[in-house]
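A quick write-up on the structure given underneath.
Where a number appears in this text, it was derived from the coordinates with a stated rule and is not lab data. Everything numeric in this text was worked out from a predicted model, so none of it was measured.
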Amino acid sequence: MDAGLALQYAVVAAVVALSAWMVLRRQFPAAARRLRVALAVPLVRDGRPAWMRTLGRRIAPPVAGGGKGCGGCSGCD
């Protein structure tokens, strides 16, 4: 396979994945939050390398700090 064609496929795959993530975040925020938590929790466990823990903290969603009746949508930032 030509290197240029492989690069083109990689760029298209990245654009499609980013687009799917944006739609998921916009249309299904609770599912996106659960997915981020599911991806981050194994990375931040004790005994993991520092770079892995840092990556897990970056993936983890922000803490929902709302009060009573808050759905945690981060709309009040």
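Working out 0.36 nm times the residue gap between Ala30 and Arg48, then minus their Cα-Cα distance, what length gain in nm do you get to one decimal?
Details: separation 18, 0.36 × 18 = 6.48 nm, distance 2.72 nm.
Roughly 3.8 nm would be gained on extension.
Counting 0.36 nm for each residue step from Ala3 to Arg57 and taking away their Cα separation leaves a gain of 16.0 nm.
Beyond 16 Å, what percent of the Cα pairs of region 11-66 remain? Working shown, then result.
Details: 826 of 1540 pairs.
Summing the P(r) tail past 16 Å for region 11-66 gives 54 percent.
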